[in-house]
Every structure is written in C-alpha cells, then in structure tokens.
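Working notes, beginning with the structure itself.
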Amino acid sequence: MTRTPIAQILSSEEVPDSVLVQGWVRTKRDSKAFSFIELNDGSCLSNLQIVADAVLPGYEDAVLHLTTGASVSVEGKIVPSRGKGQKWEMQATEVTLLGLAEEDFPLQKKGHSMEFLRSIAHLRPRSNLFGAVFRVRSRMAYAIHQFFQDRGFFWVHTPIITASDCEGAGEMFRVVTMDGDEIKLGDDEFFGKPSYLTVSGQLEGETFATALSNIYTFGPTFRAENSHTSRHASEFWMIEPEIAFCDLEGDMGLAEEMLKYLASDALENCSEDLNFFNRFVDKGLIERLEFVRDRDFQRISYTDAVELLKESGEKFEYPVEYGLNLQSEHERYLTETHFECPTTVFNYPKEIKPFYMRKNDDGKTVAAMDLLVPGIGEIVGGSQREERLDLLRENMAAHDLDEAEYSWYVDLRRYGTVPHAGFGLGFERLLMFVTGVTNIRDVIPFPRTPGSAEF
RNA sequence: UCCUCUGUAGCUCAGCGGUAGAGCGGGUGGCUGUUAACCACUAGGUCGUUGGUUCGAAUCCAACCGGAGGAGCCA
C-alpha cells in the first residue's frame, strides 16, 4: 500500500476505506483499552488522530511506549471522528514502529522559545510553527516563478561566483583555493584574479534583459557584513527582475503588483498555515495581507518625504535633511505611522545611490525606489538604470570606478542601448512579511549569520 | 564595529549572600472517547567558563565564551 499524505485525508469529502499513513508522533494519550496518537507528516499543519486499540497485535511494543517524536507507519480505516476538533480520524489495524525518539527529544508540545528552536535547526521543521513557515516558503517560491512566467519573464541563472562587485551592495566573501593551509593568492589565484560570492545578480541580469527583454533571477546571495539584526543574514535569497523598455514608473508598478500577487496567493493557498500565524505569531496578519491585496500602495518622492518628516512634529533621534539617507526610524514613521500601508519612496539624491542608477532631468536625483512595508522596512530596492553611455561613464568616474573592470557592462550602452529598470526583492523579508515571523533567522532553513554557520 | 539585555534540570522559568525549586517533558502505576487530557509516585543539576571578594557565592565583582535586541549597512 502506498502512503497517503495526511493533508489529502483531512481535506477529503470521501476517503478510501483503508489507507497507510506514515509520520511522526506529536503526542499520545493512553487509556486502558486504547491510545490516541496524534500523527503529523508535514503535509499540513493538522495532525491525524489515530485510535489504536489495546488488542492490536504488538500494541505493547509499538504503541504503548511511543513518545513524542517517534516515527510510525499506520494502516487503518478512516472514519468520522466521534470526538470534537476533527472531522476524520483513523481506526488503526496495524501500527509499525519505525524509530523511537529517545527520552531527551527536545521538542515538546508547548512553550519553546525561538532562540532554542534555532539551536536545534535540524529538528525545528517538526514543530507546528516551522512546518508552517517552510510550507509557506515553498509556496511563495512557486508563486514568484508563476508571477513572472505568466508575464513572459525568463528565469536567468546568474553566477554565484563573480569577479565584479555590484558597487555599494555590501561587503563580499572572497572565494579562494588552498594548498594545505596556504591560501592561493595573486598569480596562483584560481580564476586569475580575485573572485567573490555574489552580492547581486543585477549587472549580469541587465545583460540578459537587453537580449530577452524581461528576465528575473532567483537565487542565493551573500553579504559579509557584520550585521546583528533580526533582518540581516549572511546568506539569503533574492529575486531580481530586470525589464527592458521600462522606466521607473513601470518598475514601481511591477514591484507593487508582485507584492499584491504574493499576498493574494498566500491567502488563497496557505490559509491553514496563515491562520496559525494569525493566532500565535501576529494577530493582525491576515487583515494586513488582505489590505495589501486590496488597497493601493502609497508613493512619495524622497524630497516630499523629507518635507513630510520635517513637518511631522515627530522627534527623531537622527536628523532629517535633504541629502541624508532616511534612517530606519524615518522609514518606520512613513509606513507605520503616517501612511499605515506599504509605501514606495522614489527619486533619491544621486550622491547616496550607486553608479548604475539613472540621473533625472533635475540633475540632482536618480530614478531609484525603495518599497517599505510596516514592521520590516525595506523589502524592495530598485531603480531605472542609466542607459546613456556618456552619463554612465560620468557616474562611474564620480564613484571612482575603473571603467575597464566593467567594460562588458558599459558595452550594453554601446550596442543598442535601451531604457531599462529592475529591482531586488529579499525573499526572506517577503516571508517575514507574509508569515508575521519577526526574525529572518526563522524563515530560512539553516541561517548563516556572523559567527554562526551550524548545520 | 558600537550600545543594551541575557545565560539555573531535556524545555519554560522562579530563587538574587546561608543545605538547588516548580511546571512541562521522561520513567512507573492508576483513570478516562481523549485532544496542551487528568491523578499519584519517581529519576534528573560542577547554577555558561575562569578568576576574585566573603566564614560562606547560583546570588556580589572582573574577564572570557554563547544567545538576544537595537544602530549602521542593506534585501
């Protein structure tokens, strides 16, 4: 008999008479004549309640000594439940123990801190919360591909090892080879020059956007910054669409449409897990996702945002002044206090943005945009790219970049240049937004942060 | 890199200068169509590490190690 996922059983109107389920025991309650086993196989949040009569062959060995965490294989009939709390339950005809869980199995039925669960990252997917997080993670990855593929975007696999620093994107990890304990550098360098783990696939993405028109990347990204915050990781996943024949307006539109699409997809396809988050993690989650799905986002230029912050009467720790970066507290005020909804800030001063962003006609600002969401801050950062050869060269010089290092990037402006734009969406930040989980370490299977690369 | 908090049983925590505690989890027994089941008994600890103060340190002090939060940087 082949295994039937518990999700399939619990969502059925009519079920096959006799099925096989396999999974891990969440809890067990014994009485004299039978035991209730709560079995979870990760296919959904809910457990299947199994009734195992004491007269079953092997009851003593296979059932009586079961503890939380043990793995079992159970054959039986699905019947309407006589108890409250579930529609179906299983009347077991055969219970086979696959593996006991030793008595110090760390996952209990209640009261674990996120910090503790992080320390047992190999077992935490078996908890309700993390099972739900990683089911939603899978679904969101699927929905992202669907969103782009439905709109004619091609998925491009940009390199993970790179020799070009996407300027300003952050500190990089160096890639080296070893001879014993000796790191090979200089002339012995494997790639003939210093190479790094990618901090962004954007520059390579642009080369494909100027060929296939609409592309996106979706893959791991690495930043060697020594950040200790709940929203930074050294290894994370990023989605970077790049669109030819597109300006900032279209770029902002796509980012907003995408966020709405993903909120809608999660509400539609992850309702059981979202309801769980809504109960135990963030009471306003579903309401917020519905808001994001149904209502328009706010847009405000950097210049207007600075004015708004100055006139808000709010006391900020850091100064608000044209030409300075908006601080976390300023972004939070805009999206959480003033607008109370996702907010796109656009047209930043050129001095605080990277070389590749397109200069606006005012000569002072560039066509950049950041999409801010309540509770998390920046979730998308993007821009229209500078497609004019002379202006790009000026920008590179102004940023002290060696044009020779970026000759292939400059070439895109020499051979059939086109207006184009794109953005980066942090996948984990999206998941924080969709699940209500407040620490990035808890939405990625095995988090890498400074000083921590266990598992 | 800077600032702040924190480390006691498998887990969550109490104790805050005078013989190491509870709940949950584990074991044993009982009871019940139960559902964070319930009741009784029981095992389980170099109080993060090292040093210091003290008649006496889980408790006070210092350093170190681990964890967390915030700032910056960004996604």
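The values are calculated or read from the model by the stated rules, or taken from the named source; none is laboratory data. Just so we're clear, the structure is a prediction, and the values are computed from it rather than from any experiment. FYI the Cβ positions are ideal-geometry reconstructions off the backbone, even for glycines, and counts take in every protein chain you see.
Things worth noting here:
- Residue match in the range A:143-155 (condition: within 25 Å of residue A:428 (Cβ to Cβ), surrounded by 14 or more Cβ atoms within 10 Å (Cβ to Cβ) and within 16 Å of RNA strand B (Cβ to nearest atom)): yes
Listed here are the residues, each with its yes/no results for (1) in the same structural domain as residue A:379 (by TED's automatic domain parsing); (2) under 16 Å from residue A:431 (Cα atoms); (3) more than 18 Å from the chain's Cα centre (by Cα).
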| residue | (1), (2), (3) |
| --- | --- |
| A:222 | yes, no, no |
| A:269 | yes, yes, no |
| A:276 | yes, yes, yes |
| A:296 | yes, no, yes |
| A:313 | yes, no, yes |
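- Number of residues in the range A:335-351 that are within 14 Å of RNA strand B (Cβ to nearest atom) and over 23 Å from the mean Cα position of the chain (by Cα): the value is 5.
- Number of the condition not met by residue A:142 [criteria: (1) touching a residue at least 12 places away in the same chain (Cβ under 8 Å); (2) of a type outside the set (Gly, Ala, Ser); (3) assigned by TED's automatic domain parsing to the domain that holds residue A:265]: (1)
- Within the range A:326-384, the set of residues being more than 30 Å from residue A:407 (Cβ to Cβ), β-branched (Val, Ile, Thr) and assigned to a strand (DSSP E or B) comprises A:343, A:344, A:345, A:373, A:379.
- Taking the criterion of being in contact (Cβ under 8 Å) with a residue 60 or more places away in the chain and either part of a strand (DSSP E or B) or under 24 Å from the mean Cα position of the chain (by Cα) (or both), the residues of the range A:194-208 that qualify are A:200, A:202, A:203, A:205, A:206.
- Looking across the range A:45-61 at every residue that is over 14 Å from residue A:23 (Cα atoms) and surrounded by 17 or more Cβ atoms within 10 Å (Cβ to Cβ), the one that is farthest from the chain's Cα centre (by Cα) is identified as A:56.
- Residue in the range A:72-84 that is within 8 Å of RNA strand B (Cβ to nearest atom) and farther than 20 Å from residue A:19 by Cα present: yes
- Residue count for the range A:403-455 under the criterion of being among the polar types (S, T, N, Q) and near RNA strand B (Cβ under 8 Å from one of its atoms): the result is 4.
- If you go through the range A:97-139 and pick out every residue that is near RNA strand B (Cβ under 10 Å from one of its atoms) and either in a helix (DSSP H, G or I) or within 19 Å of residue A:37 (Cβ to Cβ) (or both), you end up with 15.
- Residue in the range A:315-324 that is farther than 17 Å from residue A:380 by Cα and part of a helix (DSSP H, G or I) present: no
- The number of residues in the range A:212-254 that are more than 10 Å from RNA strand B (Cβ to nearest atom) and under 30 Å from residue A:388 (Cα atoms) comes to 22.
- Looking across the range A:402-454, the residues that are β-branched (Val, Ile, Thr), under 20 Å from residue A:200 (Cα atoms) and part of a helix (DSSP H, G or I) come down to A:410, A:440.
- Restricted to the range A:237-299, the set of helices (runs of 4 or more DSSP H) holding at least 2 residues that are acidic (Asp, Glu) and crowded, with 18+ Cβ neighbours inside 10 Å comprises A:248-269.
- Residue count, the range A:12-56 (criterion: away from RNA strand B (no atom under 15 Å from the Cβ) and either free of Cβ contacts under 8 Å to residues at least 12 places away in the same chain or not in a loop (DSSP other than H, G, I, E, B) (or both)): 8
- Residue that is surrounded by the most Cβ atoms within 10 Å (Cβ to Cβ) [pool: residues in the range A:360-370 that are under 21 Å from residue A:205 (Cβ atoms) and more than 8 Å from RNA strand B (Cβ to nearest atom)]: A:366
- Residues that are within 13 Å of RNA strand B (Cβ to nearest atom) and in a helix (DSSP H, G or I), drawn from the range A:60-71: A:60, A:61, A:63, A:64
- Considering (1) more than 12 Å from RNA strand B (Cβ to nearest atom); (2) modelled with pLDDT under 95, the lone condition that residue A:378 does not fulfil carries the number (1).
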